[in-house]
1. Where residues in segment 155-177 are charged (D, E, K, R) and under 16 Å from Leu212 (Cα atoms), which of them is nearest to the chain's Cα centre (by Cα)?
2. Would you say Phe102 is part of a helix (DSSP H, G or I), at pLDDT below 85 and of a type in the set (Phe, Trp, Tyr)?
3. Does Glu111 qualify as being surrounded by 12 or more Cβ atoms within 10 Å (Cβ to Cβ), modelled with pLDDT of 95 or more and closer than 24 Å to Phe49 by Cβ?
4. Go through segment 17-54 and count every residue that is farther than 23 Å from Glu210 by Cα and out of contact with any strand residue (DSSP E or B) (no Cβ under 7 Å at 6 or more places or on another chain).
5. Under the condition of being surrounded by fewer than 14 Cβ atoms within 10 Å (Cβ to Cβ) and in contact with a helix residue (DSSP H, G or I) (Cβ under 9 Å, 6 or more places away or on another chain), which residue from segment 18-45 is farthest from Asp108 (Cα to Cα)?
6. Could you list, in sequence order, all residues of segment 110-136 that are assigned to a helix (DSSP H, G or I) and either of a type in the set (A, V, I, L, M, F, W, C) or more than 24 Å from Asp16 (Cα to Cα) (or both)?
7. Within segment 62-96, take every residue that is assigned to a strand (DSSP E or B) and either closer than 30 Å to Arg29 by Cα or open to solvent by 80 Å² or more (accessible area, probe 1.4 Å) (or both) and give me the one that is modelled with the lowest pLDDT.
8. Under 21 Å from Asn19 (Cα atoms) and either among the acidic types (Asp, Glu) or free of Cβ contacts under 8 Å to residues at least 24 places away in the same chain (or both), is that true of Arg164?
Amino acid sequence: MNSVLLLGRGLSEYTDMFNLKTHELAGKRILDCAAGVSSFRSEMKRKGFSVTAVDPIYIKNPDELEVLAEENFKRHRRFHGDFLMDIKVKGEPLEDYRRAVFREFLRDYREDPAGYIAGELPHLPFNDLHFDLVLSANLLFLYEEKLGYSFHVEAVQEMLRVGREVRIFPVTNIHRRRRSIYLEGIMEEFADHEMIIQRVPYHEETGCNEMLIIKSI
């Protein structure tokens, strides 16, 4: 998965990507699946919420992750430099914001490593229904050219095994500005589950502003 960019998102982005409502999350156990270097876990912990982050990169120590993140910043700038100049998050240039997110992640990763579990889809190191809510951002559907249909099916099955509700953002291939070619098949595979595609207030300018919610039977 070297082709997957390691760029973290912050709490405000997660709130918009997943239509999160604070009052609905109280007392829930939340899993950030393929969390990468996002600061969601750290920011939520400071607010008193229970969040676990899982990602294969957590086998690396903080210094190694710092090097890896810098490589990804350079790679992103090289391929998307023109795009980055015009984008701001919370009033900050996008790269500055991403670096701030990474610094917040790295601080928490150093201070509280127990909240960061090394693991990857489609085999997660958790017991059945251990979590109330599983969030998965910017992996499934987005990388449809690199992650095949069978991987998508197995990944969704696994997230439903460990969580009572799964939210996946986006349901689009953002690079092609359309819904993923796998979305219809996934919805048929899990047709016996409660399921909805919901519009979210994120990436509205691109039209790629939908997430998929699936609940365990």
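The values are calculated or read from the model by the stated rules, or taken from the named source; none is laboratory data. Remember, it's a predicted structure, so these values are computed and weren't measured experimentally. Quick reminder, even Gly has a Cβ in these numbers, built from the backbone with ideal geometry, and neighbours come from all protein chains shown. For the accessible areas, the whole protein counts, side chains as well, though only heavy atoms, and no ligand, DNA or RNA atoms are used. Shrake-Rupley method; radii C 1.70, N 1.55, O 1.52, S 1.80 Å.
1. Quick first cut of segment 155-177, residues charged (D, E, K, R) only: 158, 161, 164-165, 167, 176-177.
Then keep just the ones that are under 16 Å from Leu212 (Cα atoms); that gives 158, 164-165, 167.
Working: Glu158: 15, Arg164: 17, Glu165: 15, Arg167: 9 Å.
Top of the filtered list is Arg167.
2. Values: part of a helix (DSSP H, G or I): yes; at pLDDT below 85: no; of a type in the set (Phe, Trp, Tyr): yes.
Criteria not met by Phe102.
3. Details: surrounded by 12 or more Cβ atoms within 10 Å (Cβ to Cβ): no; modelled with pLDDT of 95 or more: yes; closer than 24 Å to Phe49 by Cβ: yes.
No, not satisfied.
4. Residues that pass the stated criteria total 7.
5. Step one: list which residues in segment 18-45 are surrounded by fewer than 14 Cβ atoms within 10 Å (Cβ to Cβ), which gives 21-24, 26-27.
In the following step, the residues that additionally are in contact with a helix residue (DSSP H, G or I) (Cβ under 9 Å, 6 or more places away or on another chain) were identified as 21-22.
Working: Lys21: 23, Thr22: 21 Å.
Among those that are surrounded by fewer than 14 Cβ atoms within 10 Å (Cβ to Cβ) and in contact with a helix residue (DSSP H, G or I) (Cβ under 9 Å, 6 or more places away or on another chain), it is Lys21.
6. We begin by selecting, within segment 110-136, every residue assigned to a helix (DSSP H, G or I); these are 110-111, 113-115.
Across segment 110-136, the qualifying residues are Arg110, Glu111, Pro113, Ala114.
7. Let us first name the residues in segment 62-96 that are assigned to a strand (DSSP E or B), namely 88-89, 92-93.
Filter again for either closer than 30 Å to Arg29 by Cα or open to solvent by 80 Å² or more (accessible area, probe 1.4 Å) (or both), leaving 88-89.
Numbers: Lys88: 53, Val89: 61.
Checked segment 62-96; the qualifying residue modelled with the lowest pLDDT is Lys88.
8. On the way: under 21 Å from Asn19 (Cα atoms): yes; either among the acidic types (Asp, Glu) or free of Cβ contacts under 8 Å to residues at least 24 places away in the same chain (or both): no.
Spelling it out, it is not the case that Arg164 is under 21 Å from Asn19 (Cα atoms) and either among the acidic types (Asp, Glu) or free of Cβ contacts under 8 Å to residues at least 24 places away in the same chain (or both).
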